[in-house]
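A.B. asks: First, the structure itself, so that you have it in front of you.
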Amino acid sequence: MPDIIPSHKLLDVVREFIRLKYHSYRTEQSYLDWIRRYLLYQNGKHPREMCKAEIQAFLTH
């Protein structure tokens with residue numbers, strides 16, 4: 001299965017926000033990992049383009 005590269009811009013924004021909140025490095029990595037999983041599940045679709053049903057589908061998967 002080819003690796004879909006999610007938007008680095010989105011991940012950079014999340015990373016910066018987490019660091020501003022002084023979360024640990026491990027917490028940052030966990031959050032980013034879950035975001036990557038979500039983006040891969042949605043075939044790289046940007047979260048702004050998704051609806052509630054797509055979020056529910058991921059969470060129940």
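The values are calculated or read from the model by the stated rules, or taken from the named source; none is laboratory data. These numbers were taken from a predicted model, which means no experiment stands behind them. Note that we place each Cβ from the backbone using ideal geometry, even for glycine, and neighbour counts take in every protein chain shown.
A.B. asks: Exactly one of (1) modelled with pLDDT under 85; (2) not in a loop (DSSP other than H, G, I, E, B) is unmet by residue 12. Its number?
C.D. replies: The failed condition is (1).
A.B. asks: Can you tell me which residue in segment 15-61 is nearest to the chain's Cα centre (by Cα), limited to those that are surrounded by 12 or more Cβ atoms within 10 Å (Cβ to Cβ), without any contact (Cβ under 8 Å) to a residue 12 or more places away in the chain and assigned to a loop (DSSP other than H, G, I, E, B)?
C.D. replies: Taking the candidates together, the pick is 45.
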